[in-house]
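Reviewing the structure listed below.
The values are calculated or read from the model by the stated rules, or taken from the named source; none is laboratory data. From a predicted model like this one, the values you see are computed outputs, not experimental measurements. In this analysis, Cβ positions are derived from the backbone assuming ideal geometry, glycine residues included, and neighbour counts consider all displayed protein chains. These accessible areas exclude ligands, DNA and RNA; they are computed on the full protein's heavy atoms, side chains included. Shrake-Rupley method; radii C 1.70, N 1.55, O 1.52, S 1.80 Å.
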Amino acid sequence: MNNSDSNTPICYSNTSTPFIYNPDLGNVHYSATFSTLGLTSNLIAFIVLIKSFQRTQSRSRSFFLIFLGGLVVTDFMGLLVTGSVVVSFYITRVDWRESDPTCHFCNFMGMSMVFYGLCPLLLGATMAVERFIGINRPFARSTSMPKQRTVSMVLMVWFIAGCVSLLPLTGFGSYHIQTPGSWCFLNISSEGNDWAFSVLFSLVGLTCIAVSFLLNTVSVVTLIKVCCGPGRAQRRRDHEVEMMIQLILIMAIATICWCPLLIYTLMSAVTSSASDDMILIYIRMAAFNQIFDPWIYIMSQVCRLRCS
């Protein structure tokens, strides 16, 4: 569907990528299996994190586990919301243009995609900042900082991502249905507010990845100096090394899964050359981030139990 009929709701009058309603393009078994695997993995990871949090005696590790818990909850809810919509589409073969003429459901889906997409990237950058301060500036962080402050930081990340996802509802950008009709996403366009929102979404994500890469690199170098320098036997901090390994893996997975979509969105907005087929491929790549993340915590706990 690619028309400019004034009677067509904006979320169905795609101005950037042509929309083709095709309920057979996807596979309900693939979508259901993908969602179930992701939900199960995140649920197991959440249980693992709770047990680790109850056993840990390190304040810095408890802060880190709170961040990881926020990341698991975000990934779980993201899969639950978006997965339910996609699976329902393939089961019912509903045409949103007929069942949602006011675009409310399409806007909700678009907001969910942006919110649950940005949250893991923002949380990854926030964890990188926390670890950078904890490793490189340990005296800059109060030893009496309550755990509630860490929870507040997670809530602040959710708030920021929520504010960005709500911008199209104020007229800054817009959400449009995407092929095959099972999901909605931001309208990648080189015109007006759609261009600005596309660039904003991409730059926020890419900035988070860049910040994570920079700060994690500095933190790793510092840890190497501490562990291999004079008095290393007394100064070795195994729990710090373990947290950095997890954080590096989180960053690597986020980079691999999200960079193609973020870069493609930015380049398409600038050059006005978006393709619905490529967007679908990159979105599916990004969705794998929600499945791979929890296995980092699960395998880390398995290794910890074997080494203890």
Item checked: Positions within the stretch 88-104 being surrounded by fewer than 20 Cβ atoms within 10 Å (Cβ to Cβ) and either within 17 Å of residue 283 (Cα to Cα) or touching a residue at least 40 places away in the same chain (Cβ under 8 Å) (or both), in sequence order -> 91, 93, 95, 97, 101, 102
Next item on the list: Please work out which residue is modelled with the lowest pLDDT, limiting yourself to the stretch 40-64 and to residues that are among the hydrophobic types (A, V, I, L, M, F, W, C) and open to solvent by 40 Å² or more (accessible area, probe 1.4 Å).
Entry: 53
Notebook entry, point to check: Can you name the condition, by its number, that residue 107 falls short on among (1) touching a Phe, Trp or Tyr at 6+ places or on another chain (Cβ under 9 Å); (2) under 24 Å from residue 240 (Cβ atoms)?
Noted result: (2)
Item checked: Selected residue [more than 21 Å from the chain's Cα centre (by Cα) and either closer than 22 Å to residue 161 by Cα or at pLDDT below 90 (or both)] from 107, 22 -> 22
Next item on the list: Please name all residue pairs, on different chains or six or more residues apart, with Cβ atoms under 7 Å, provided the first residue is in the stretch 152-172 and is without any contact (Cβ under 8 Å) to a residue 40 or more places away in the chain and within 13 Å of residue 200 (Cα to Cα) and the second residue is in a helix (DSSP H, G or I) and open to solvent by 40 Å² or more (accessible area, probe 1.4 Å).
Entry: 172/193
Item checked: Candidate set: the stretch 178-191, residues that are modelled with pLDDT of 85 or more and within 19 Å of residue 78 (Cβ to Cβ); chosen: the one surrounded by the most Cβ atoms within 10 Å (Cβ to Cβ) -> 186
Item checked: Output for the stretch 202-227, where each listed residue is open to solvent by 20 Å² or more (accessible area, probe 1.4 Å) and hydroxyl-bearing (Ser, Thr, Tyr) -> 207, 217, 222
Next item on the list: With respect to residue 189, determine if the residue is of a type in the set (S, T, N, Q) and not in a loop (DSSP other than H, G, I, E, B).
Entry: no
Check: So residue 175 clears everything in (1) closer than 30 Å to residue 96 by Cβ; (2) of a type in the set (Ser, Thr, Tyr); (3) surrounded by fewer than 21 Cβ atoms within 10 Å (Cβ to Cβ) except one condition, right? Which one?
Finding: (3)
Notebook entry, point to check: Tell me, which residue of the stretch 128-160 that is at pLDDT 85 or above and aromatic (Phe, Trp, Tyr) is most open to solvent (accessible area, probe 1.4 Å)?
Noted result: 159
Item checked: Elements of type helices (runs of 4 or more DSSP H) contained in the stretch 208-308, each with 2 or more residues being of a type in the set (A, V, I, L, M), modelled with pLDDT of 85 or more and over 24 Å from residue 195 (Cβ atoms) -> 238-271, 289-307
Notebook entry, point to check: When you look at residue 108, is it assigned to a helix (DSSP H, G or I) and open to solvent by 40 Å² or more (accessible area, probe 1.4 Å), yes or no?
Noted result: yes
Check: Residues 169, 200: which one is over 27 Å from residue 88 (Cβ atoms), of a type in the set (A, V, I, L, M, F, W, C) and outside any loop (DSSP other than H, G, I, E, B)?
Finding: 200
